[in-house]
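Novice: Have a look at this one before I ask anything.
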Amino acid sequence: MCELRRHVYANTVDRSAIKKLVKRAFPRCECKKLHDQLRNANRPNENELLDFEETCGDALDSNLEAELQAVELQYQKDVDSRVEELTDDKSTTEEAERFDLTLKLCTDPVENNNSEVKSVDKPFNDSPTDAKTVCDDFKSYSIEHADREQQDQQSTQENSRRVCGGHEVAMITESIVQELDLREESIATLLCYLELHPRRWLEVLQPVKSTCTVKFYGGYPQLRAVAQKIPPIAAAISLNTTTAAGFKKSSTLTFPVVELADKMGWDLAPVCRELRALQWNTSLSLDNSLSNMGQSGILVEFSDLSMHHRAPGDLSDSERDSVCDFLEDRILAEERSQLQQLQFVYDSLKGVSCSEFWQCADAVDEEADKQLKQLVRSYFEDCNDKTKEELAALAKARKGARGIPSSITRDENVNWDIVARDIRALLGVHHDHSFTGRAIARIFHGIDSPCYPAEVWGRDRRFWRKHLDVEFNSLRKFATQELIRFR
Ligand SMILES: [Zn+2]
């Protein structure tokens, strides 16, 4: 039994990990602030604003170019001043301010236009009508559906009140898996839960390679020349100059392409296509021999496979909390119902089995056969309701006591002194790792996870699968207490 239970525990996570995921999946954005600013500007003179928006839209391309020239000029100046005097702190701060300003000029109108457009054609508005037609068909479920419809309407209201139209977010799969110590499929499942939520927190998109590296054989001069012609490259340079690392004169350019496209209000696919096409755009080549071969001397590579979704960035803190609560309840309910099902199957099979093989070797036991079939049928008919039941119970508990009742039954037979000794030994041997209670419990149960893979940690027989007999959640709790004591 404990062998099978391990698989259930492999899918559960701590609330801290859920929080991290929510933070990564819903990065905060400036839409609300910009919207308020716009509204304030809107009040005195509406026409002026419209004119302003139009001119901004037209001036976008020239803005980009102007900005790029400003970048070059600034660097030329920067180099000159560095020759003259080594301390040029002032100029760099000025430079940063200036870039911020130009970038704002560039991106603001796009983002505002974009959010307006997006909020119009969002799919959120479709759901209530769908729910209505479904409702007509299934009158018998009217109460449940009325509830759902109300929820849907409420959610559409909430969503239409939302200022932010949603941003495309790419999370590099490898890094997020390591950060959360959770397998890729589990993270994808959590994102799907959020998509299927009545309020439709996010929209899961196709995975993409989110880092773009552009290499210029012609070196920095070619980069400069290309940037004046190709807006995505210019935008990438301005993005790089505003990030902390700064921008150096080099022949390669690396940037997060999803973030860039979102910031500029462009669609991702055409941007990627344009970037890829750079490789064969012979007009950009500085070298004649290369252009004769149909190449431009530019190498474009996409790397870092990422999970990709669209999510609003202006969630309030209480909304973020409710997302965390929802995910946590969901995970706990899954864990509990799966454990119950496992126990159910175990008990059922035990109930119809014989203690010795010869007791059932000669004749078919019709009675046990019927019983078993009945059990299997009820198992499959029941499996969804169990999770629902658990979810309802958890939601109720959360409303009432603001705390989730623990499912842990104190195991009196466990010698906690031995467990505590092993935990201390583990911490002593691997003092360079920052363990969590869950990580320790996983190691003692021999549960494979991205940060503590079985191939590495399974070799150390002193700890791996050492306390399989102790119930997982009480072991996790005990390990957390020990960790606090140890620090
Ligand atoms: Zn936003």
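Novice: Going residue by residue through the stretch 260-269, is there one that turns out to be touching a strand residue (DSSP E or B) at 6+ places or on another chain (Cβ under 8 Å), modelled with pLDDT under 90 and not in a loop (DSSP other than H, G, I, E, B)?
Specialist: No, because not a single residue in the stretch 260-269 is touching a strand residue (DSSP E or B) at 6+ places or on another chain (Cβ under 8 Å), modelled with pLDDT under 90 and not in a loop (DSSP other than H, G, I, E, B).
Novice: Criterion first (part of a helix (DSSP H, G or I), among the aromatic types (F, W, Y) and touching a residue at least 12 places away in the same chain (Cβ under 8 Å)) does F302 satisfy it?
Specialist: no
Novice: Can you pull out the residues in the stretch 297-324 that are more than 16 Å from the ligand (Cβ to nearest atom), touching a Pro at 6+ places or on another chain (Cβ under 9 Å) and small (G, A, S)?
Specialist: Once the filter is applied, which keeps residues that are more than 16 Å from the ligand (Cβ to nearest atom), touching a Pro at 6+ places or on another chain (Cβ under 9 Å) and small (G, A, S), the stretch 297-324 yields only S306.
Novice: Return the pairs, sorted by first residue and then second, in which the second residue is surrounded by fewer than 16 Cβ atoms within 10 Å (Cβ to Cβ), the first residue lies in the stretch 287-298 and is of a type in the set (D, E), the beta carbons are less than 9 Å apart, and the residues are 6+ apart or on different chains.
Specialist: D287/Y217
Novice: Next up: Confirm whether V271 is of a type in the set (V, I, T) and within 30 Å of A188 (Cβ to Cβ).
Specialist: Yes, satisfied.
Novice: To continue, here is another question. Counting only residues that are in contact (Cβ under 8 Å) with a residue 40 or more places away in the chain and not small (G, A, S), how many does the stretch 432-461 have?
Specialist: Of the residues in that region, 11 qualify.
Novice: Out of the residues in the stretch 2-55 meeting the condition of being modelled with pLDDT of 85 or more and among the aromatic types (F, W, Y), tell me which one is farthest from the ligand (Cβ to nearest atom).
Specialist: Filtering the stretch 2-55 for residues that are modelled with pLDDT of 85 or more and among the aromatic types (F, W, Y), the one farthest from the ligand (Cβ to nearest atom) comes out as Y9.
Novice: Which residue pairs have Cβ atoms closer than 6 Å, lie 6 or more positions apart in sequence or on different chains, and pair a first residue in the stretch 171-187 that is buried (at least 18 other Cβ atoms within 10 Å of the Cβ) with a second residue that is in a helix (DSSP H, G or I) and acidic (D, E)?
Specialist: T173/E184; V177/E184
The values are calculated or read from the model by the stated rules, or taken from the named source; none is laboratory data. Keep in mind that this is a model prediction, so the values were computed, not measured. Counting neighbours? That spans all protein chains shown, and the Cβs are built from the backbone with ideal geometry, glycine included.
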